[in-house]
Amino acid sequence: MLLGIFKNNVKNYKTLIFQLLTKTMKKLSLLPKRLSPGDKIGVVCPSNEIAGQKQKEELLRGIKFFEDMGFEVEKGMNLYSANPQDRADDINGFFLRPYVKAVFSAQGGDTSESVLKFIDWKAVSENPKIFMGLSDVTVFLNAIYTKTSLITFHGGDVRYHFGKNPTEYDKTEFTDRLINGCTGKINPSGDRRTIRGGKGSGNLLGGNLRCLLKLANTPFWPDFTGAILMLEALTMDELRCTEYFKFLREVGVFNKISGVIVGFVYSMEVENPDAPQMEDILLRETVDFDFPILKVRDFGHGCPNTVLPIGAQIELDADNLTYKIVSNVI
C-alpha cells in the first residue's frame with residue numbers, strides 16, 4: 001500500500017514538473033516567422049519621429065537597402081508625427097496586417113515610453129512577427145518580450161543604421177538570423193576581451209543601458225533571474241555609468257544575472273578612450289560578484305551590428321571570448 005502511495009506521488013510530482021516545464025517552454029516559444037525575399041516590412045517610429053531633410057534622406061537610403069535585398073517596404077503613416085498615439089497606431093496596425101511580416105524601427109530617440117502605453121498588446125501577442133530596433137527602442141524590445149513572451153531583435157534601425165553606412169557584417173548577420181534562422185556562435189565584428197572570466201547561460205535581456213532603466217518600476221521591467229545582460233550606449237560618462245550600475249545593484253539585478261556582454265559605447269570609446277570604460281566601471285562596481293563579463297564590438301551605436309534575440313537562451317563563455325544562441329529564435 002505504501003509503495004502504491006509512493007508511486008502515485010512520484011507520478012503526480014512528475015506530472016507537476018512536466019506541466020511547469022511546459023509552461024516555461026511556452027513562455028519562451030512565442031516566435032516570429034523568418035523573412036523571405038518578397039516579404040513586406042513595415043517601418044515605424046517607436047521613439048522620436050522623423051524630422052528634417054537629412055533624416056528623411058537617410059530613411060530613404062535605409063529603405064532602399066532592404067528593397068535591394070528583395071523586400072517590399074511600407075512606411076508607417078505617422079513617421080513624421082510627434083504624437084505618441086499616432087506612432088503607436090502604426091505599430092498596432094502593422095501587427096494586425098497579415099501581409100506585413102516584420103516591423104522595423106526607423107530610429108531611436110528619447111520618447112519610447114510615451115508610445116509604449118498606447119500599444120495593443122493583444123494585437124502583438126496574437127500576431128507574432130519580427131520586431132527589430134536598438135537605442136531607445138530597447139524599451140520596446142524588452143517590454144514586448146516581458147509582456148507577451150515574443151522574441152524581439154536588437155539590430156540596426158532603418159534610418160539610423162541601415163540608412164548610413166551598413167557593412168557587409170550587418171548584411172550577413174541580418175541574413176543569417178532573420179532569413180536563415182541561424183543560431184550558434186555570434187560572429188565577432190572586432191576584438192573581444194575577457195573582463196571577468198567564467199561561463200553563464202540564460203535569457204538575453206537589455207540593450208541601451210540608459211533606456212533600459214526607463215522600464216524600472218513599471219509592469220514592463222524584465223525578470224532578470226538567470227539572464228545574460230547585454231549593454232551598450234551612445235553617450236555615457238563615468239559618473240552616470242556608475243550611478244546606473246549602483247541602481248542595478250540596489251534593485252537586485254546583479255544578484256540575479258548569469259553574465260554581462262558589454263557592446264560598443266560610442267562616447268567612451270571614441271571621444272574619451274583614455275577614461276574608464278563601461279566594462280571597467282562594471283567590474284569595479286560588481287567586485288563582490290562573480291558573473292562573467294565579456295567586452296565585444298558586435299552591437300551598439302556607431303559600429304557594425306549583429307542581430308541578437310531578446311528573450312532567447314544565450315550561453316556566454318568569457319574565458320574563450322564567445323557567446324552563442326542555443327534556442328530557436330524564429
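We did not get these values from a lab; they are worked out from the coordinates using the rules stated. These numbers come from a predicted model, not from an experiment. Glycine gets a Cβ as well: all are built from the backbone with ideal geometry, and neighbour counts include every protein chain shown.
Quick notes on this one:
- Computed 3J(HN,Hα) for the stretch 316-330, one whole-Hz value per residue from the Karplus formula 6.51 cos²θ - 1.76 cosθ + 1.60 where θ = phi - 60°, is 10, 10, 5, 5, 9, 6, 10, 8, 9, 8, 10, 10, 5, 10, 7, glycine and proline marked x.
- Cα-based Rg / Dmax (Å) for the stretch 40-179: 13.6, 37
- Across all directions, the shadow cast by the convex hull of the stretch 186-325 built on its C-alpha atoms averages 7.4 square nanometres.
- Among Met278, Met69, Met230, the ranking by other beta carbons within 10 Å of each residue's beta carbon, starting with the fewest, stands as Met69, Met278, Met230.
- Between Lys256 and Asp191, the FRET efficiency from the beta-carbon distance, with R0 = 22 Å, is close to 0.15.
- Inter-part distance where the stretch 30-95 and the stretch 135-195 are each reduced to a Cα centre, Å: 16
- When peptides 233-243, 215-225 are ranked by their average number of other Cβ atoms within 10 Å per residue, the highest-first order is 233-243, 215-225.
- For the chain, complete DSSP H runs whose alpha carbons reach 27 Å or more along their own long axis and whose mean Kyte-Doolittle score is -0.5 or higher are 2-28.
- Per-residue ³J(HN,Hα) for the stretch 197-207, Karplus 6.51 cos²θ - 1.76 cosθ + 1.60, θ = phi - 60°, Hz, x for Gly and Pro: x, x, 10, x, 8, x, 5, 7, 9, x, x
- Proximity of backbone amide H atoms, modeled 1.01 Å from N, is registered between Val73 and Ile41 at under 5 Å, excluding neighbours fewer than 5 places apart on the same chain.
- Taking the alpha carbon gyration tensor of the chain, multiplying each eigenvalue by 5 and rooting it gives semi-axes of 32, 26, 19 Å, largest first.
- On a per residue basis, the convex hull of the C-alpha atoms belonging to the stretch 242-324 measures out at 113 Å³.
- Most tightly packed first, judged by the mean number of other beta-carbon atoms within 10 Å of their residues, the peptides 153-160, 193-200 read 153-160, 193-200.
- Residues Cys45, Cys211, arranged from fewest to most other Cβ atoms within 10 angstrom of their Cβ, appear as Cys211, Cys45.
- Restraint check, Lys129/Lys295; Lys101/Lys256; Lys54/Lys171; Lys33/Lys246; Lys101/Lys199, Cα-Cα greater than 27 Å: Lys129/Lys295; Lys101/Lys256; Lys33/Lys246; Lys101/Lys199
- The largest-to-smallest principal axis extents of the Cα set in the stretch 82-151 are 29, 22, 19 Å.
- Ranking of Val124, Val265, Val270, Val100 by neighbouring Cβ atoms within 10 Å, starting from the fewest: Val270, Val100, Val124, Val265.
- Local net charge near Lys64, Cβ-Cβ under 11 Å (Lys/Arg +1, Asp/Glu -1): -3
- Over the chain, dividing the summed -39,500 (n - 2.57) contributions of all DSSP H runs of at least 4 residues by the number of residues returns a 222 nm mean residue ellipticity of -10500 deg cm²/dmol.
- Ranked by the mean number of other Cβ atoms within 10 Å per residue, highest first, peptides 114-120, 297-303 order as 297-303, 114-120.
- Within straight-line reach of Lys164, meaning a Cα separation under 14 Å, sit the following aspartates and glutamates at least 8 residues removed in sequence or on another chain: Glu57, Glu58.
- Dipole moment magnitude, nearest 20 debye, the stretch 249-330 about Cα centre, only Lys, Arg, Asp, Glu C-beta charged: 300
- Ignoring aspartates and glutamates fewer than eight residues from Lys214 along the same chain, the ones with Cα atoms less than 17 angstrom from its Cα are Asp110, Glu113, Asp136, Asp223, Glu232, Glu243, Glu250.
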